[in-house]
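Notes for the one structure printed next.
The values are calculated or read from the model by the stated rules, or taken from the named source; none is laboratory data. Everything numeric here is computed off the predicted structure, so don't read it as measured data. Using ideal geometry, Cβ is built from the backbone for each residue, glycine included, and neighbour counts are taken over all protein chains shown. Ligands, DNA and RNA are stripped out before the accessible areas are found, and what is left, the full protein with its side chains, is counted by its heavy atoms. Shrake-Rupley method; radii C 1.70, N 1.55, O 1.52, S 1.80 Å.
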There are 2 protein chains.
Amino acid sequence: MDDLGASTPFLNKYAQKVSLCRRILRSIWHFLSKEPAKSIHALKMAIAFTLAFLLALIELPYSVFGDHIIWAIMTVIVVFEFTIGATFSKGVNRGIGTLLAGLLAVVIGELASLGKGIVHPIMVGACAFITGAMVTYGKLWPTMKPYEYGFRIFLITFSYIMVAEYRQSDPIRMAVNRFFIILLGAVIGISVNVFVLPLWAGDELHEIISKNFNSLADSLEVCVNEYLRGAVLERVPTKILMGLAADDPVYEGYRSTLISAAKEESLATFASWEPPHGRFWKFRYPWQNYVKVGAILRHCTYSIVALHACLRSAIQAPVQVRSLFRDEIFAVSQACALAFRKLGGQVSLMQKSDGMAIMSGVHRAVEQLQESLYLRSYLLVRPETGILEQKLTEELPLSVIPEIKKSEVDMEVAGRFNPTALGIAVKPESPLELNRRQYKRLYSWPHREVDDYKFTKDSVLQQKVRVLESASAMSLGTFATLLVEVAMRLDYLVDAVDELGELAGFREVVKEQSNG
Amino acid sequence: MDDLGASTPFLNKYAQKVSLCRRILRSIWHFLSKEPAKSIHALKMAIAFTLAFLLALIELPYSVFGDHIIWAIMTVIVVFEFTIGATFSKGVNRGIGTLLAGLLAVVIGELASLGKGIVHPIMVGACAFITGAMVTYGKLWPTMKPYEYGFRIFLITFSYIMVAEYRQSDPIRMAVNRFFIILLGAVIGISVNVFVLPLWAGDELHEIISKNFNSLADSLEVCVNEYLRGAVLERVPTKILMGLAADDPVYEGYRSTLISAAKEESLATFASWEPPHGRFWKFRYPWQNYVKVGAILRHCTYSIVALHACLRSAIQAPVQVRSLFRDEIFAVSQACALAFRKLGGQVSLMQKSDGMAIMSGVHRAVEQLQESLYLRSYLLVRPETGILEQKLTEELPLSVIPEIKKSEVDMEVAGRFNPTALGIAVKPESPLELNRRQYKRLYSWPHREVDDYKFTKDSVLQQKVRVLESASAMSLGTFATLLVEVAMRLDYLVDAVDELGELAGFREVVKEQSNG
């Protein structure tokens, strides 16, 4: 190759240039296709902008509107937003603001022109002051927030016409002209936005909400698995504290739900401006119910955040204790994750389904966990004192609670509830040795040096260790309770998804699917 | 009065009108003074708007700039924002966008005019297309978000100058003219905003963050008090689910912290545009550290949200159980609330203080709670089985743990740890009766009708009740653990406030105050 290149330098150079161009084009393509929505938006904006520009370049419209044609271009620039709903909303705001301001300015201008001499500009100034104050105050009114842009454009048009009127131009013709030019710009912007690769706010909202179900399910699963694996994480990293993207799968799963309230709200507002389209072929589609579902997902997220905090908590249950309820906790997390996914699937595929069927698995798993906690909660309390352990393992399980015991034996591996087996798992070494070792590993809180203790007797230190251990074992109970809380909040979610399905007219699915 | 009114109808009518006017004026005044910041903003906007308007009404500027003077008014309208930082940010964006676009448009326009005939408009159109696409894509770049407005104004000016150039006006003069007019508008807007009753973004951020400390303290106190009072709340109301304002003191306390992330972020961005002023008389004041403190407050809030959820949880500890650790839980909540308030006071008054001193009370209270939980956690486990209770009350307290017992007796009312006294408190009636009664009151989850039970023997039903009770008693442990979690997160807050104090140059306070 090198030899060939030396013999034909021109061809070689040419080939090099071609390959360079190719590489550049490929990297541009790669760059643009990474976030296709942004590229599409930029392309559409360029098309609309160029179309509006043509109005100024071609003779006919220019000869009619003259230099004012720039307002059509400006309207396109200002009105053209990412989603169709936002563009509609801005376009309508701009149109109505212009229309009302034009009317008001013409009337006020005529009235003000009744004043002669110095009175005229004073009256115009006074009208400007009063209008400016009132419009600005109105803009700040909480219910007027979606129309903020309309208020702004109202003031602009108002001053435009008032100045023209004062300067002896023909204000009425100007107002009409201006309205039509702005209408022209708005029509160009909206048409390009709707007919060229449309990006609907409704679609985006639907996608975001559907995706959040699955992310939460992932987050919950990973969190519980990590917990059972005995993970003890370090201090909370600053990125998580600050709500920024961080390299933590649990956090990444729930982050989007946690911070997307404002986004969901604004998407729903824009979506309500959009005409029926695609899958949402229904007049007055219940977009606000998506916001509600999103809010309840956030409510569930708060519980998952609390669960996640258990992984980082300074006081942690040792892995042996965690493994006591491994299967039950795992089952609840699996059932909850499945329920999240099924509900998300319903929203995503726009299908109705039986909420009770979805929750039955969750209910079963939670009951199982509650029973296990009841049967073995004594293991969480001072496992090292010896008294409890002996008395309980001898007397309790078979005599007091035979029925539940029996059903459990039927359902699961027979050996698991055997207290002796459990005892072995909890005590692989002598209790004192274990305490010592664990104390070093445990993050105690408040932070204390061993030297800080004012006691000198070993037995007292040991007791302090026990206090911490008791707290650490109790943290397992907390984890389990919080997990049950996640399951309970699913009820709200089922209701919200049902309501959404009802109002949005989700399809009924064939019966066999709802058994799963 | 009526008689007098009849005799002097004119005076009466006059008096009526005066009183009516007074009432109207008073209600307007009341209305405007309710939210003074909004009234101030509207007034300032009206002043700036009128000043800009005067440019069009007075002969001198109009004779220089002609109809283009409207751009100064438009600039005022567009640039004038609530806070000074936002106004600066928009003004600078507008200025730089105009300047760069003017330069680019002049250069491109000159190049395009080299093409003769039909080539000229085609080249102009192509340039518009490319510029439109690139600017729009750049605007969507995540790091470019604060400059979004600059990109928009860039496109507007670009098209303005390009059209003028194509239409054989003098583009350079136009670009310079336009730049100065916009500068004039920006100067008017910014001057009024700065010199008339200034509203600083930095002030607002400082107030919001300081206030959130106290709200969280209130929220925590009310939540814990309600819990100890035995409050069991109903289903979560829709308003709370949706994150809207609701009539719940705990929720109202933490709501603002929970939802204000975006607001704090944008206020900090705007504040960084503001020159040193008032209390913040320091170049490069660390506004981003306020955001960090706010984020950590939010981190604490998530724990308080989890605590709050305990009040609404379907599975609840009965009030007798809650009262077991009443004093310790109350002490922790008081210590945490005090720490929140002290830290908030530091931020609010811009004082440095010793973090360790603030946290020492919290540490003491938490240790006390942990010890109590250790000593009495057996009470949370199956209090009705009888076996545990008898064995423990007989054998444990005095023999195994004399030291801690002793210190507790020293510190608190001697009778409180007496197991017999406790036994009485827990069992005011026969266990079976109590179980039955509580079961009705308890919200069980999953929801089950009593008929749903497939068992018929009373003893089995009783066991199911016990399972729920065990879970409900464990929920107290959860509450306590979550409360400790709040206390632990205060550590992060102390660090963040220290860092803020260091960077912002908070004053040292005299030593005697830091002992409190």
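Between copies, how close do the A:GLY278 label points come, placed 7 Å along Cα→Cβ, listed in nm from shortest?
4.7
In whole Å, what is the distance between the alpha-carbon centres of region A:67-138 and region B:201-226?
Rounded to whole Å, the Cα centres lie 41 Å apart.
Based on the alpha carbons, how large is the Rg to Rh ratio for region A:322-378 when Rh follows Kirkwood?
Result: Rg/Rh = 1.12.
Quick one: of A:LYS145/B:LYS263; B:LYS17/B:LYS44; B:LYS44/B:LYS211; A:LYS38/B:LYS139, which pairs are farther than 21 Å apart, Cα to Cα?
The answer is B:LYS17/B:LYS44; B:LYS44/B:LYS211.
How would B:TRP141, B:TRP200, B:TRP71, A:TRP281 line up by accessible area, probe 1.4 Å, largest first?
A:TRP281, B:TRP141, B:TRP200, B:TRP71
Placing the label point 7 Å from Cα along the Cα-to-Cβ direction, what are the distances from A:GLN351 to the equivalent spots in the other copies, shortest first, in nm to one decimal?
Counterpart label points of A:GLN351 in the remaining copies fall at 6.4 nm.
With a sphere of radius 14 Å drawn around the Cβ of A:PHE180, what net charge do the other residues whose Cβ falls strictly inside it have (Lys, Arg +1; Asp, Glu -1)?
Taking every other residue near A:PHE180 into account, the sum is +3.
When only DSSP loop residues count, what trypsin sites (Lys or Arg not before Pro) in region A:284-384 have their Cβ near at most 10 other Cβ atoms within 10 Å?
Within region A:284-384, the qualifying trypsin sites (Lys or Arg not before Pro) (loop, at most 10 other Cβ atoms within 10 Å) are A:ARG284.
What's the average, rounded to a whole number, of partner chain beta-carbon atoms within 10 Å of each residue's beta-carbon in B:236-242?
Mean inter-chain Cβ contacts per residue within 10 Å come to 4.
Averaged over peptide B:484-491, how many Cβ atoms belonging to another chain are found within 10 Å of each residue's Cβ?
5
Take the Cα atoms of region A:148-268, build their convex hull, and give its volume per residue in Å³.
146 Å³
For region A:74-128, which trypsin sites (Lys or Arg not before Pro) pass both filters: DSSP loop (anything but H, G, I, E, B) and at most 13 other C-beta atoms within 10 Å?
Sparse-neighbourhood loop trypsin sites (Lys or Arg not before Pro): A:LYS116.
What order do A:PHE88, B:PHE10 take when sorted by accessible area (1.4 Å probe), most exposed first?
Output order, biggest surface exposure first: B:PHE10, A:PHE88.
What do you reckon, how do B:VAL187, A:VAL192 stack up by accessible area (1.4 Å probe), largest on top?
Ranked list, largest accessible area first: B:VAL187, A:VAL192.
Amide H to amide H, which residues 5 or more places from A:HIS277 or on other chains are under 5 Å from it, using H placed in the peptide plane?
For A:HIS277, the qualifying residues are A:LYS282.
Find the relative contact order for region B:233-299 and round it to a whole percent, using C-alpha pairs within less than 8 Å whose residues are 6+ positions apart.
Relative contact order of region B:233-299: 28 percent.
What number comes out for the charge environment of A:TYR147, summing +1 per Lys or Arg and -1 per Asp or Glu over other residues with Cβ under 13 Å away?
+4
Leaving out ligands, DNA and RNA, calculate the buried accessible area for the pair B and A with a 1.4 Å probe, summed over both sides, in Å² to the nearest 100.
11200 Å²
Averaged over peptide B:43-54, how many Cβ atoms belonging to another chain are found within 10 Å of each residue's Cβ?
6
Count the net charge of all other residues whose Cβ sits under 11 Å from the Cβ of A:ALA101, scoring Lys and Arg as +1 and Asp and Glu as -1.
+3
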